[in-house]
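K.L.:
Sharing a structure with you now.
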Amino acid sequence: MAGSFEASDGLSSRERRALETLLTRLGDDEFVLAERYTEWQVRAPSLESDLALANNAQDELGHARLWYDVLADVGLDERALAYERDPADFRHGTLVELPFETGDWADAVLRSYLYDVAEDLRLEALTASSHPKIADRVGKIRSEEKYHREHARSWLERLAEDDDGRGRLQDALDRLFPHALTLFEPAVPPRLGAKASENDVAKAAAVDADVVDLGLRTATLEELRSEWLSIVVPFLESLDLAVAVDRDAENPEADLDALLPDARGRDGAHTEAWFDLHDELTRTYRELGRTETTTIMEAPDG
Amino acid sequence: MNLETVRARAGPRAFSPADDLPEEYREAATRMIEFHANSEIMGAYLERPFIRQAPSIDRKLAYSAKVQDEIGHGQLLYRAAESLGVKSREEMLEDLANGDGKFLNCFHYPMESWVETPMIAFFVDGAAMRRQATLRRTSWEPYAHAMDKVCFEEGFHVKHGEDILRELMTGSRKERRLTQEAFETWWPRIIQFFGPTDDRSTHHDFAVSVGLKQRSNDELRNAFLDQYIPKARNYGLEIPDEPRIREREDGTYEVEEGDLDWDEFFTVAKNEYEPGREQIRGRRTAQEAVQWVREAIERDGAAGSHAPRAAD
């Protein structure tokens, strides 16, 4: 199967659906998280942390561009993907769409940690992707994510040394953990372009199986989740934080599934906050009646 | 060094932290640089909503980077101010939060729509560029040094602002109309950016005599008008009838200062203009909300260690 993505014009509908589903979940995660990170600009605890969070936001936005740009090959541009898509057709996990409560820096650094570990694992599973553009873009993204992870870990360690800080981290963890699990949920194929009929929850698992079967990603979501847990749980526990999973339980998978929130994002169900955010970020585009998006940077190579 | 010596030796980048400078100089320089640093922070505060409201990903990236640059300039300038030994960065940031810190008039006015963004990013930043370029020759070396980096980055901001203006003024009729309206609202404030005529400016003479300030308000404002009136017209903007602008025989411009609202200007300058107070309060609330982080870090044994850690 590998190699069939070398040319985009000969894709079967199965290949195209797998590609679109994978890239929207990747691009949407980055796009929406970046949007949330920018909320910390001019609001972070110090000028230094303000600069750092702004960096993260711009990195994630850059990654969103890289993933969305691969979809240009199948006729989907930024206008269609970011500015004119029905918000219900975004496929990011709910972890990235939740708003930050004012001043909740514990949420910012914990969310970044939970996300960046997951991000690193999924990028690893894309390094040998059968789609050459996807494989090529992984390297650049990974080098930046490494810095994000170190930044988040360092902040977590600092905050956890303080009683008040640790208490706030625990609150954030209790709230965010179920949403972090949505990162490993299969995505319902988004209704992009002309194919407006496909919004079938039952297809999600099958399409993700296609993603792996076609070699677009080389690990299953279950494998990624289990690897993620083996990293984040011991680390968080080492900071005296309690994680709501019992890895020695008889049926840990079922326990985890029970923790998942009602709206998972990947399934097209979102929290109210996402619709408000989408409304705000498309406001200028709509109010000025724009029909195209301005690019000022060159399209990424490869 | 006494004041006479300072005046005699005043020249570009003449003084550094190695010099023993009189209090008058150090206080005047602190006031000037602190004002500049505060303006960077409040400018960033004003523009931050447009990161989200930008109508494309590239514009969003550029806006996020711009706001980040302004915070970086603030950081750099507070350091240059701190090096005068009068006030610490914490004190300056605290004064800014509680409404004692002063900053540029334009950043007291709220911004509501994308069509207003080039009023700051092109005109105000362009005006700032003119002033900052002259400050590369200021007598306080750390300030001049900071200006090298600031001017370099501001150049990109102004280009981006100009590109947004060009896009709006070549866009739909609605976009052109809204942009013209925004221009009419902002134009008098932009002209007032340079402050009142020199003979009404409180600190002007001293700052010039010790080399802190290189050019007068009037010179800078006139140079700005000469450069930006043709630019504005070139993009299809109409210069409002008021304040009256006189074109001299040599093609340069002069504004009828009496047409500008100086009562409002001085109200703004004293942080007493209500919408500006709202901006100050908004930023203060955001700062108070993360006070717990600063306290948590101070408690966790890092007291006294200012060494940067990865978490910065």
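K.L.:
I'd like the orientation of helix A:47-71 relative to chain A: the angle between its Cα long axis and the longest Cα principal axis, in ° from 0 to 90, rounded to 10.
P.N.:
So the inclination is approximately 30 degrees.
K.L.:
To continue, here is another question. Which whole-number percent is the relative contact order of the stretch A:13-287 (Cα, under 8 Å, 6+ apart)?
P.N.:
26
K.L.:
Pairing the Cα long axis of helix A:272-281 with the longest principal axis of chain A, what angle in degrees results, from 0 to 90 and rounded to the nearest 10?
P.N.:
Its long axis makes an angle of about 60 degrees.
K.L.:
Still on this structure: Any idea what the alpha-carbon Rg over 2.2 N^0.38 Å comes to for the stretch B:203-300?
P.N.:
Normalised Cα radius of gyration, the stretch B:203-300: 1.66.
K.L.:
With a 1.4 Å probe on protein heavy atoms only, tell me which residues of the stretch A:45-66 lose at least 50 Å² of accessible surface in the complex relative to the chain by itself.
P.N.:
Going by heavy-atom accessible area, the residues of the stretch A:45-66 that drop by at least 50 Å² are A:PRO45, A:LEU47, A:GLU48, A:LEU51, A:GLN58, A:LEU61.
K.L.:
Roughly what % of Cα-Cα distances in chain A sit above 33 Å, to the whole percent?
P.N.:
Looking at chain A, the distances longer than 33 Å represent 21 percent of pairs.
K.L.:
Taking only the C-alpha atoms, wrap a convex hull around the stretch B:66-119 and report its volume per residue in Å³ as a whole number.
P.N.:
For the stretch B:66-119, the hull spanned by Cα atoms encloses 102 Å³ per residue.
K.L.:
Also, quick follow-up: Counting pairs of alpha carbon atoms under 8 Å apart in space and at least six apart in sequence, what relative contact order in percent does chain B give?
P.N.:
22 percent.
K.L.:
Determine the total buried accessible area between chain A and chain B, counting protein heavy atoms only with a 1.4 Å probe; round to the nearest 100 Å².
P.N.:
Answer for the A-B pair: about 5100 Å² buried.
K.L.:
Where the accessible area of the stretch B:3-294 is counted over protein heavy atoms with a 1.4 Å probe, how much of it, in %, is carbon and sulfur?
P.N.:
Summing carbon and sulfur atoms, their accessible area is 46 percent of the total for the stretch B:3-294.
K.L.:
OK, next. Taking the dipole about the Cα centre of the stretch B:3-294, with the C-beta of Lys and Arg at +1 and of Asp and Glu at -1, give me whichever of B:PHE183, B:ASN271, B:PHE193 is farthest to the positive side.
P.N.:
Value: B:PHE183.
K.L.:
For the protein assembly as shown, taking Cα atoms only, what is the radius of gyration to one decimal and the Dmax to the nearest whole Å?
P.N.:
In order Rg, Dmax, the Cα atoms of the protein assembly as shown give 26.8, 91 Å.
K.L.:
If you don't mind, another one. What residue among B:ASP100, B:ASP125, B:ASP250 shows peak mean-square fluctuation when chain B is described by a Gaussian network model with Cα springs under 10 Å?
P.N.:
B:ASP250
K.L.:
Right, another one. Take A:THR294, project a point 7 Å from its Cα along the Cβ direction, then tell me which residues of the stretch A:32-67 have their backbone nitrogen under 19 Å from it.
P.N.:
A:62, A:65
K.L.:
Read phi for every residue in the stretch B:109-120 and hand back ³J(HN,Hα) as whole Hz from Karplus 6.51 cos²θ - 1.76 cosθ + 1.60, θ = phi - 60°, with x for Gly and Pro.
P.N.:
For the stretch B:109-120, the Karplus curve yields 9, x, 10, 10, 9, 4, 5, 7, 4, x, 4, 7 Hz.
K.L.:
Still on this structure, I have one more. May I ask you to derive the relative contact order of the stretch A:144-226, considering only C-alpha pairs under 8 Å and at least 6 residues apart, and to give it as an integer percent?
P.N.:
Computed value for the stretch A:144-226: 20 percent relative contact order.
K.L.:
Of B:PRO142, B:PRO22, B:PRO196, which has the largest mean-square fluctuation in a 10 Å C-alpha GNM of chain B?
P.N.:
B:PRO22
K.L.:
Sticking with the crude label model, points 7 Å out along Cα→Cβ, report the distance from B:GLU274 to B:ARG246 in nm, one decimal please.
P.N.:
3.7
K.L.:
If one computes P(r) from the Cα atoms of chain B, what percent of pairs lie at distances over 32 Å?
P.N.:
Of all Cα-Cα pairs in chain B, 30 percent lie more than 32 Å apart.
K.L.:
Using a 1.4 Å probe on the protein heavy atoms, what percent of the accessible area of chain A belongs to carbon and sulfur?
P.N.:
Here it works out to 46 percent.
K.L.:
Whole-Hz Karplus ³J(HN,Hα) for the stretch A:137-154, in order, using 6.51 cos²θ - 1.76 cosθ + 1.60 and θ = phi - 60°, x for Gly and Pro?
P.N.:
7, 5, x, 4, 5, 4, 5, 6, 5, 4, 5, 4, 5, 5, 4, 5, 4, 4
K.L.:
Here's something else I'd like to know. Projected onto the charge dipole of the protein assembly as shown (+1 at Lys/Arg Cβ, -1 at Asp/Glu Cβ, origin at the Cα centre), which of A:GLY268, A:THR294, A:PRO132 gives the Cα projection farthest towards the positive end?
P.N.:
Value: A:THR294.
K.L.:
Rank B:ILE190, B:ILE57, B:ILE164 by mean-square fluctuation in a GNM of chain B with C-alpha springs under 10 angstrom and give only the top-ranked residue.
P.N.:
Highest fluctuation among the options: B:ILE57.
K.L.:
In addition: Quick one: what Rg and Dmax do you get for the stretch B:38-182 from the alpha carbons, in Å?
P.N.:
Radius of gyration, then largest Cα-Cα span, for the stretch B:38-182: 16.1, 54 Å.
K.L.:
Ignoring ligands and nucleic acids, what accessible area does B:ILE245 show with a 1.4 Å probe (Å², nearest 10)?
P.N.:
The value for B:ILE245 is about 50 Å².
K.L.:
So, in nm, how far is label A:ALA209 from label B:GLU4 when the simple model puts each one 7 Å beyond its Cα toward the Cβ?
P.N.:
With each label placed 7 Å out from Cα toward Cβ, I get 9.5 nm.
K.L.:
Among the residues of the stretch A:145-162, which ones have their accessible area go down by 20 Å² or more when all the protein chains sit together, as opposed to their chain alone (1.4 Å probe)?
P.N.:
Checking the loss per residue gives A:HIS151, A:SER154, A:TRP155, A:ARG158, A:LEU159, A:GLU161, A:ASP162.
K.L.:
Separate question: With 24 Å as the limit, write out which pairs from A:LYS203/B:LYS60; B:LYS174/B:LYS231; B:LYS87/B:LYS270; B:LYS159/B:LYS231 have Cα-Cα distances beyond it, or answer none.
P.N.:
Those over the limit are A:LYS203/B:LYS60.
K.L.:
Taking only protein heavy atoms and a 1.4 Å probe, what accessible area per residue, in Å², does the protein assembly as shown have with all protein chains in place?
P.N.:
With all protein chains present, the protein assembly as shown gives 40 Å² per residue.
K.L.:
Ordering B:VAL115, A:VAL201 by accessible area with a probe of 1.4 Å, largest first, what comes out?
P.N.:
A:VAL201, B:VAL115
K.L.:
What's the magnitude of the charge dipole for the protein assembly as shown around its Cα centre, counting Lys and Arg as +1 and Asp and Glu as -1 at the beta-carbon? Answer in Debye, nearest 20.
P.N.:
1440
K.L.:
With heavy atoms of protein chains only and a 1.4 Å probe, what residues of the stretch A:269-302 have at least 20 Å² less accessible area in the full set of chains than alone?
P.N.:
By number: A:GLU280, A:LEU281, A:ARG283, A:THR284, A:GLU287, A:LEU288, A:ARG290, A:THR294, A:ILE296, A:MET297.
The values are calculated or read from the model by the stated rules, or taken from the named source; none is laboratory data. As the structure is a computational prediction, the values presented were derived from the model and not from experiment. Heads up, the Cβs are rebuilt from the backbone with ideal geometry, glycines too, and the neighbour counts pull from every protein chain shown. Ligands, DNA and RNA are stripped out before the accessible areas are found, and what is left, the full protein with its side chains, is counted by its heavy atoms. Shrake-Rupley method; radii C 1.70, N 1.55, O 1.52, S 1.80 Å.
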